[in-house]
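The values are calculated or read from the model by the stated rules, or taken from the named source; none is laboratory data. This one's a predicted model, so the numbers in the text were calculated from it and none came from an experiment. Here the Cβ is made from the backbone with ideal geometry for all residues, glycine too, and neighbour counts use every protein chain on show. Calculation scope for accessible area: heavy atoms of the full protein, side chains included, ligands and nucleic acids excluded. Shrake-Rupley method; radii C 1.70, N 1.55, O 1.52, S 1.80 Å.
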Amino acid sequence: MYPFPDELTVSNTNKINSYLPVRNKNNDFCWETITGIVLSHALKAEVRDYDYEDFREDCKERFASKLDEPSFWEVLNRTYFSGMDIFSVSPMFLLFKAQRKSSGSKGWNAQDQRMAELFMSMMGNHFTQDRINEKLNFIEAEILSVLSEKLDKSESVDQKERPYLPFLAEAFVKDLKFLEGHPNYLLQELSNTLRLYAFSYVSQLALNVKNWSDGEPQSRPLYFILDTEKASSERVHVAKHGFKLLSNSSEALFPVLSALEVLQSKVIKQPLWYIYQQASEYQDKKRILDVLNNYIGTFIENRKLPPRQPAQNLEEAFKLFETVAIEQFKDEKTTRADINRKYVVECEKQIFGDFIQSRGRAGRVLVLNQDQLLLLTNLAIGERDKLRLHELLSEFEERGFYLDGQSQQQLVHFYERMGNVERMSDSGDAVYVRRTV
């Protein structure tokens with residue numbers, strides 16, 4: 001199959017419509033809304049034009065026919081509705097956070113839609129088979145019953161993007177399945193899980209985006225320390241493969257991904273590594289090479305970049321495609337350099353911010369706090385009872401989180417304080433870690 005459109009037209013502007021959920025401004029994400037959109041997609045159910053006050057009145061009416069003492073409604077009202085505590089009872093109530101209007105238009109912002117679409121593309125064809133099985137008391141079950149009568153089947157959403165990072169999409173679906181089996185933990189941690197994966201996705205995308213010739217992306221080392229540890233510039237992995245690597249790698253995100261737009265078909269968006277793979281397998285490689293050389297030549301003229309000789313093979317052509325896409329943003333005489341800086345800043349502020357700390361002479365480092373560690377530990381262990389420490393660390397790395405030897409020792413101390421670690425005397429020094437949920 002021919003890997004991209006027959007005609008590649010050079011645009012005067014750099015625009016991005018896929019694979020990066022961040023723009024150079026207006027990235028104030030509402031994670032409750034994003035969680036509601038993702039949950040609605042997973043359950044294939046949604047709430048339309050159902051006001052919270054109408055919901056409360058419907059519940060009042062329902063209980064009026066069931067309560068011996070009508071005045072008890074006021075107790076229920078204070079318990080569940082006045083402070084909106086109903087949203088912490090069941091994940092199903094989070095659907096309120098992502099309502100559509102009866103016209104079908106979305107009741108949320110573009111940035112929340114972009115972020116939710118990222119997770120939906122990672123979910124692929126995974127949907128929750130049935131309503132999340134949760135244990136509610138009689139009153140909560142009745143309230144949920146009122147809501148269930150108002151749920152509509154959500155519109156089918158065609159997948160818009162082939163996952164850029166299949167290894168991470170696989171881990172994400174595995175973690176969602178685990179959460180679905182533990183409704184209370186899902187309610188408590190779904191938003192935090194999405195934030196964890198937003199970081200992991202954008203950071204691993206930054207580390208992989210220029211490695212399209214290596215084939216399907218793999219998890220690449222990115223080192224963190226625990227928030228209880230001291231940072232030191234002498235820790236090689238943390239210094240060389242930590243925040244500084246992430247920050248430098250992020251500079252290529254917008255240039256490469258915005259350049260990729262011209263190679264996209266109208267059916268489904270494809271990663272650059274996948275398009276290169278398809279081009280390499282296409283029989284008439286000269287046809288592809290000619291199209292790319294013509295496009296790159298016109299692009300160089302349009303952006304007033306130094307002239308280059310045409311590429312002699314496909315790998316050279318794709319490399320030149322990437323090189324000129326990045327080089328245009330290094331011209332300080334234009335506004336492009338400033339625009340790319342804003343993308344990097346927005347990534348650090350909106351996506352990476354929860355994981356970055358300044359540590360004196362060591363500078364900025366990537367840090368995992370105790371809540372993030374516990375969540376990551378529970379997701380990594382999943383449905384298993386326990387994992388050996390080295391197996392657990394491999395699961396961390398599959399999700400894009402790496403720890404050096406010093407941090408691993410601190411991690412064991414952390415688990416010992418939590419009481420979820422076992423040392424098996426009959427297995428040498430094997431350390432097993434149990435999940436806490």
ask   = Would you say Gly181 is surrounded by fewer than 20 Cβ atoms within 10 Å (Cβ to Cβ), under 26 Å from Gln277 (Cα atoms) and small (Gly, Ala, Ser)?
value = no
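Going by the structure shown, is Glu69 among the charged types (D, E, K, R), modelled with pLDDT under 95, open to solvent by 10 Å² or more (accessible area, probe 1.4 Å) and in a helix (DSSP H, G or I)? Full working, then the answer.
Details: among the charged types (D, E, K, R): yes; modelled with pLDDT under 95: yes; open to solvent by 10 Å² or more (accessible area, probe 1.4 Å): yes; in a helix (DSSP H, G or I): no.
No.
Name the residue that is least open to solvent (accessible area, probe 1.4 Å), counting only residues in region 358-386 that are among the polar types (S, T, N, Q) and within 21 Å of Phe29 (Cβ to Cβ).
Going through region 358-386, the residues among the polar types (S, T, N, Q) turn out to be 358, 369-370, 372, 377-378.
Add one more test, that the residue is within 21 Å of Phe29 (Cβ to Cβ), and what stays is 369, 372.
On the way: Asn369: 50, Gln372: 28 Å².
Within region 358-386, the match that is least open to solvent (accessible area, probe 1.4 Å) is Gln372.
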inquiry  = Given the criterion part of a loop (DSSP other than H, G, I, E, B) and at pLDDT below 90, identify the matching residue among Gln159, Gln188.
reply    = Gln159
For Lys135: the one exception among (1) over 30 Å from Asn26 (Cα atoms); (2) of a type in the set (Lys, Arg); (3) touching a Ser or Thr at 6+ places or on another chain (Cβ under 7 Å) = (3)
ask   = Does any residue of region 130-152 turn out to be touching a Gly at 6+ places or on another chain (Cβ under 9 Å) and closer than 13 Å to Phe55 by Cβ?
value = no
remark   = Of the conditions (1) open to solvent by 60 Å² or more (accessible area, probe 1.4 Å); (2) of a type in the set (S, T, N, Q); (3) modelled with pLDDT under 90; (4) within 23 Å of Val146 (Cβ to Cβ), the single one that Ser90 does not satisfy is (1)
remark   = All conditions in (1) outside any loop (DSSP other than H, G, I, E, B); (2) over 30 Å from Glu251 (Cα atoms); (3) open to solvent by 40 Å² or more (accessible area, probe 1.4 Å) are true of Glu32 except (2)
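In contact (Cβ under 8 Å) with a residue 60 or more places away in the chain, out of contact with any Cys (no Cβ under 6 Å at 6 or more places or on another chain) and surrounded by 20 or more Cβ atoms within 10 Å (Cβ to Cβ), is that true of Ala279?
On the way: in contact (Cβ under 8 Å) with a residue 60 or more places away in the chain: yes; out of contact with any Cys (no Cβ under 6 Å at 6 or more places or on another chain): yes; surrounded by 20 or more Cβ atoms within 10 Å (Cβ to Cβ): yes.
In short, yes.
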note = If we keep only residues of region 390-414 that are among the aliphatic types (A, V, I, L, M) and in contact (Cβ under 8 Å) with a residue 60 or more places away in the chain, then the residue farthest from Ala171 (Cα to Cα) is Leu411
Hey, Tyr164 in a loop (DSSP other than H, G, I, E, B), buried (at least 21 other Cβ atoms within 10 Å of the Cβ) and not hydrophobic (A, V, I, L, M, F, W, C) or not = yes
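Can you pull out every residue in region 200-246 that is among the small types (Gly, Ala, Ser), open to solvent by 10 Å² or more (accessible area, probe 1.4 Å) and within 18 Å of the chain's Cα centre (by Cα)?
If the condition is that a residue be among the small types (Gly, Ala, Ser), open to solvent by 10 Å² or more (accessible area, probe 1.4 Å) and within 18 Å of the chain's Cα centre (by Cα), then Ser219 is the only one that fits.
Here are Ser213, Ser232: which of them is part of a loop (DSSP other than H, G, I, E, B), out of contact with any strand residue (DSSP E or B) (no Cβ under 7 Å at 6 or more places or on another chain) and over 15 Å from Phe119 (Cα atoms)? Before the answer, list the steps.
Values: Ser213 fails: part of a loop (DSSP other than H, G, I, E, B).
Ser232 is the lone residue from the list that is part of a loop (DSSP other than H, G, I, E, B), out of contact with any strand residue (DSSP E or B) (no Cβ under 7 Å at 6 or more places or on another chain) and over 15 Å from Phe119 (Cα atoms).
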task = Would you mind telling me which numbered condition in (1) buried (at least 20 other Cβ atoms within 10 Å of the Cβ); (2) of a type in the set (Val, Ile, Thr); (3) in a helix (DSSP H, G or I) Val412 fails?
result = (1)
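Please determine whether any residue of region 106-118 is open to solvent by 80 Å² or more (accessible area, probe 1.4 Å), on the phi < 0 side of the Ramachandran plot and not acidic (Asp, Glu).
Kept after step one, since they are open to solvent by 80 Å² or more (accessible area, probe 1.4 Å), are these residues of region 106-118: 106, 109.
Cutting the leftovers down to on the phi < 0 side of the Ramachandran plot gives us 106, 109.
Next, from what is left, pick out any that are not acidic (Asp, Glu): 106, 109.
Yes, region 106-118 contains a residue that is open to solvent by 80 Å² or more (accessible area, probe 1.4 Å), on the phi < 0 side of the Ramachandran plot and not acidic (Asp, Glu).
I'd like the residue in region 119-137 that is among the hydrophobic types (A, V, I, L, M, F, W, C) and modelled with pLDDT of 80 or more and, out of all such residues, is most open to solvent (accessible area, probe 1.4 Å). Show your work before the answer.
First pass over region 119-137, keeping only residues among the hydrophobic types (A, V, I, L, M, F, W, C): 119-120, 122-123, 127, 132, 136.
Restricting the remaining residues to those that are modelled with pLDDT of 80 or more gives 119-120, 122-123, 136.
On the way: Phe119: 0, Met120: 24, Met122: 13, Met123: 6, Leu136: 47 Å².
Ranking the candidates gives Leu136 first.
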message = Given the criteria open to solvent by 50 Å² or more (accessible area, probe 1.4 Å), of a type in the set (Lys, Arg), out of contact with any Pro (no Cβ under 8 Å at 6 or more places or on another chain) and farther than 25 Å from Pro271 by Cβ, does Lys304 qualify?
response = yes
message = What's the total number of residues in region 325-355 that are without any contact (Cβ under 8 Å) to a residue 40 or more places away in the chain and either open to solvent by less than 50 Å² (accessible area, probe 1.4 Å) or touching a helix residue (DSSP H, G or I) at 6+ places or on another chain (Cβ under 8 Å) (or both)?
response = 6
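I'm trying to understand the selection: among the residues of region 239-261, which are of a type in the set (A, V, I, L, M, F, W, C) and assigned to a helix (DSSP H, G or I)?
Step one: list which residues in region 239-261 are of a type in the set (A, V, I, L, M, F, W, C), which gives 239, 243, 245-246, 252-254, 256-257, 259-260.
Matches in region 239-261: Ala239, Phe243, Leu245, Leu246, Leu253, Phe254, Val256, Leu257, Ala259, Leu260.
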task = Please state which one of Leu39, Leu95 is more than 26 Å from Leu257 (Cα to Cα), surrounded by 12 or more Cβ atoms within 10 Å (Cβ to Cβ), touching a residue at least 60 places away in the same chain (Cβ under 8 Å) and among the aliphatic types (A, V, I, L, M).
result = Leu39
